Every structure is written in structure tokens, then in C-alpha cells.
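Novice: I have a structure I would like to understand better, so I am pasting it below and will then ask my questions one at a time.
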Amino acid sequence: MSRTCPYHPPPGYANLRERGPLSRARLYDGRVAWVVTGYEETRRLLVDPRLSSDRSRPDFPVLVPRMAAARLTALVGMDPPEHDVQRRMLIGNFTVRRVTALRPSIRRIVDERIDALLAKGEGADLIPEFALPVPSTVICELLGVPYRDHEFFEEQTRRMLMATSTARQAADAATALLGYFDTLIGAKLAGKGEHTPDDGLLDELVEDRLRTGELSRPDLATIAMFLLVAGHETTANMIGLSILALLEHSGELARLRADGTLLTGAVEELLRFLSVADELQRVAAADIEIGGVVIEQGDGVYLPNAAANRSAEAFPDPDMFDITRSSRHHLAFGYGVHQCIGQNLARAELEIALGRLITRIPTLRLAEPLDALGTKPGGSVQGVLRLPVTW
Ligand code: HEM
């Protein structure tokens, strides 16, 4: 299902919820899968070890054709215990302490983009000029990937993740990205990397895990690709849609401008309300009885967190955007063993990007009506392709 308003879940989710916390739906290839819309059921299932995340299983469900190719075999595409090994290698780089240390560079990156916007004139498309370059630059600096290659990897990411891509286009994009990382790893191995400013987590992984034989070169390329893709595409869409939602809810924006201490809570509410990464998918590795039904072994299961995050049992008056509500228990970063590894980083980026933008450009407003912006098709990271603004 596609959204009709970029910041609300597809209207069909509410109909599904009326049928109960779990419903059956037919996928494009004719296969029937479960769709979970209940908040409690989503949480229970995401911590249930009988639900597998292993994308290499032949019975893993396919939501849109592009997902049949370019299957992610690292991190979110694996089950414990293999998954734990990869996660443990990375988690130390994304702690609150590590992210706090990155805040000054995130602020520098954000301010440089705002300087460029202000220098240019009184209007811009904020997707290419702010929402995308901020997280792209941040993840490049963190990983040690040269930002000068951003047009290449942003384009391939779009091809890989856009619902309208064919399986072939998505597979070609994944191959191109893996090839890019293999070459970069080769350069780092040979010591040919330009050591400043292009050093980062990837260099550490090359030294500590690849040279020691703990990780193979293809596995390292896959992990690096995933971190780059997950690190910029989700956050970019979140920044874009957050600006849009705030501009469309002027009362909430005014409250936020008047009291900067509301920013942390506002980011949580934006994460809940927008739920940009809302296509969590699993396959049942054994029968599971839940919510009055039995999910049978081999059944595909979709857990659209955009639905769980709008359930009234967890969030009273769920369709209301309220920056002071308590939303921290949202599922926008998933839940359980695969819960987003980059969530502290994403929160810091959102706080700094939104906080600086609304402070430095207080007259910011949309240059076109909401209806003219269009929404991304379902099966993509949710967002808008354009965000024309003026000030
Ligand atoms: C607002 C931005 C973001 C959102 C909404 C988001 C959302 C999510 C969600 C929902 C999952 C769980 C998927 C599942 O269980 O199937 C996830 C996992 C993941 N995310 Fe994020 N993410 C964001 C930013 C980031 C950033 C900045 C990084 C940085 C590198 C990142 C890296 C990852 C990784 C590596 C995983 C897989 C973790 C695992 O399987 O153990 N994400 N993310």
C-alpha cells in the first residue's frame, strides 16, 4: 500500500486494524502473508526467536520485485548467532558516548549547509540541498568513505531501495555498490587511502577484523554497504519529512521554536508519527500462536511499524501530531535483536538538523502546496522526492 499523504500511513492500514491485530494479505506474487498492525503483537513478534530475519531462506517473503534481488545478507538479513557476531563488532561505534563526541562535527556539517542555503537566495529544494547531504556527509566521515563519491552511492541507493525499481535494476545497483566497497577496501588494505580526512570505521574494520581473518572481504564490503545505505537514506527521508510535518503543523512548530527543550521529545514524536522505515519483514521458522491466530512455519510476516505506531492502545489519539506526548516507546527503530544500531546517531542528526534549521531560518515555509509534492510508493523508505521551500 502506498501513502496518500507523505506523513500518514496508507489509509488501508486502519481497515486492516479493524479486522484484528493480524490479518492476511496477498502479495504481488500471489503469496499470502501476515500483516501485523497491533502494537503489542508487533513487539512480541519482534523479540520472538521463532521469527527469522534470514534473507537467504527460500521462503523469505518478497514485498515488491526489487526485494527479490539485492537481498541483504548482513546484519538485518541474518539470525543469531551469526547476527550477534556482526552486531557486536559494530555496536561500540554507535553508543551515546561515541555519538556525543560526533555532535560538533554534525553541527558543523549542518551549519555549512544552512550557510550555503542562505547564501544562495530565498528558496531551495531542501531534499538535495539539506536533507540528503547532511546524513550522507555524516556517514561518510564516520565510515571513512570519501564524500566526493556521494552522487554515485546516493543514486545506486535510490535504485536499490525504490519500490519502482525492477529486480534487475536493484540487483545491478547492489552489485555496483559492493564493487565500490571492494575497491575502497582494497585501497585501504594497500595503504593507499588518503589518511585524513578519509579514515573511519571502515579503516578500523580493515585493520582489526579483515587483516586478522575474522571477517572476509566480501562480508566486510556487505556490512560497509549496509551501513552506508541505512545510515543516509533513512535519516535523509526522516529529515525531509520532519521539516514537512513541522511546516504543516504550525502550532507545534511555534511551540518548538518558543521552547528549545522540547526538541528531544519532538524528535521522538516525529519518529513515531512519520515511521519512514516501515517495512519490517520476517518468515516464521516454526508455528507461532498469537492474537487468536496461528502463524504457520514458512509463513511470511510483515510488521509495518507505521501501523503499530498509530495504534490507540499505545498512543492515545494516535493520528494527532503532539510534540509533548510521551512517544519514546515507538517502534520506528524496530525492536528486539535487530533494533536500529544507528538510532543514537539518527537522533543526534535529527535534533541538530531540525533545531539549527528552524532557529537560523525562522521564516521557512513551503513554496508549494502539500498535494503537489507527491509521495514515494509503498515498499520504499517513506518520504518526499522534493521539498521546495522559501523564507
Ligand atoms: C531516522 C533514521 C533511521 C531509522 C528510522 C531507522 C530504522 C531502522 C529499523 C526500523 C531497523 C530494524 C529493521 C528490522 O528489524 O527489520 C533498523 C536497523 C538497522 N539500522 Fe537503522 N534507522 C535509521 C538510521 C540508521 C543509521 C543512521 C544507521 C547507521 C549506520 C542505521 C543502521 C542500521 C543497522 C546496521 C540496522 C540493522 C541492525 C541489526 O540487524 O542488528 N540506521 N533501522
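The values are calculated or read from the model by the stated rules, or taken from the named source; none is laboratory data. These figures come from a predicted structure and were not determined experimentally. Cβ: placed from backbone, ideal geometry, glycine included. Neighbour counts: every protein chain shown.
Novice: Filter the stretch 1-32 down to the residues that are more than 17 Å from A308 (Cα to Cα) and hydrophobic (A, V, I, L, M, F, W, C) and list them by number.
Specialist: Once the filter is applied, which keeps residues that are more than 17 Å from A308 (Cα to Cα) and hydrophobic (A, V, I, L, M, F, W, C), the stretch 1-32 yields C5, L27, V32.
Novice: So, in the stretch 315-334, of the ones that are away from the ligand (no atom under 16 Å from the Cβ), of a type in the set (A, V, I, L, M, F, W, C) and surrounded by 17 or more Cβ atoms within 10 Å (Cβ to Cβ), which residue ends up farthest from P133 (Cα to Cα)? First the steps, then the outcome.
Specialist: Residues of the stretch 315-334 away from the ligand (no atom under 16 Å from the Cβ): 315-326.
With the extra rule that they be of a type in the set (A, V, I, L, M, F, W, C), the set shrinks to 315, 320-321, 323.
This time we only want the ones that are surrounded by 17 or more Cβ atoms within 10 Å (Cβ to Cβ), so: 315, 321, 323.
On the way: F315: 33, F321: 27, I323: 26 Å.
My answer is F315.
Novice: May I ask you to list pairs of residues, at least six apart or on different chains, whose Cβ atoms are under 6 Å apart, with the first in the stretch 313-330 being more than 13 Å from H249 (Cβ to Cβ) and the second being surrounded by fewer than 17 Cβ atoms within 10 Å (Cβ to Cβ)?
Specialist: Qualifying pairs under 6 Å: P318/A312.
Novice: From the list D54, D59, pick out the single residue that is in a loop (DSSP other than H, G, I, E, B) and over 18 Å from D29 (Cα atoms).
Specialist: Numbers: D59 fails: over 18 Å from D29 (Cα atoms).
Sole residue among the options that is in a loop (DSSP other than H, G, I, E, B) and over 18 Å from D29 (Cα atoms): D54.
Novice: A further question on this structure: Kindly list, by first and then second residue, each pair from a residue in the stretch 145-169 that is farther than 30 Å from M1 by Cβ to a residue that is modelled with pLDDT under 90 and surrounded by 13 or more Cβ atoms within 10 Å (Cβ to Cβ), limited to pairs with Cβ atoms under 6 Å and residues at least 6 apart or on different chains.
Specialist: P146/D198
Novice: Let me ask something additional. Under 6 Å between Cβ atoms, which residue pairs at least 6 apart in sequence (or on different chains) link something in the stretch 73-89 that is more than 14 Å from S216 (Cα to Cα) with a partner that is β-branched (V, I, T)?
Specialist: Hits for this filter: zero, empty list.
Novice: Separate question: Working carefully through the options V293, V283, V337, find the one that is of a type outside the set (K, R), buried (at least 20 other Cβ atoms within 10 Å of the Cβ) and touching a residue at least 24 places away in the same chain (Cβ under 8 Å). I'd like the intermediate steps shown before the answer.
Specialist: Working: V293 fails: buried (at least 20 other Cβ atoms within 10 Å of the Cβ); V337 fails: buried (at least 20 other Cβ atoms within 10 Å of the Cβ).
Answer to the selection: V283.
Novice: For D278, only one of the following conditions fails: (1) modelled with pLDDT under 95; (2) away from the ligand (no atom under 11 Å from the Cβ). What is its number?
Specialist: (2)
Novice: In addition: Please state which one of V35, V64, V47 is under 30 Å from A224 (Cα atoms) and either in contact with a Ser or Thr (Cβ under 6 Å, 6 or more places away or on another chain) or crowded, with 20+ Cβ neighbours inside 10 Å (or both).
Specialist: Numbers: V35 fails: under 30 Å from A224 (Cα atoms); V47 fails: either in contact with a Ser or Thr (Cβ under 6 Å, 6 or more places away or on another chain) or crowded, with 20+ Cβ neighbours inside 10 Å (or both).
Sole residue among the options that is under 30 Å from A224 (Cα atoms) and either in contact with a Ser or Thr (Cβ under 6 Å, 6 or more places away or on another chain) or crowded, with 20+ Cβ neighbours inside 10 Å (or both): V64.
Novice: May I ask you to verify whether A171 is within 16 Å of I223 (Cα to Cα) and surrounded by 13 or more Cβ atoms within 10 Å (Cβ to Cβ)? Full working, then the answer.
Specialist: Values: within 16 Å of I223 (Cα to Cα): no; surrounded by 13 or more Cβ atoms within 10 Å (Cβ to Cβ): yes.
So A171 fails the test.
Novice: A further question follows. Assess whether E207 counts as being at pLDDT below 95 and away from the ligand (no atom under 16 Å from the Cβ). Talk me through it step by step, then tell me what you get.
Specialist: Details: at pLDDT below 95: yes; away from the ligand (no atom under 16 Å from the Cβ): yes.
Yes; evaluated as a whole, the condition is true for this residue.
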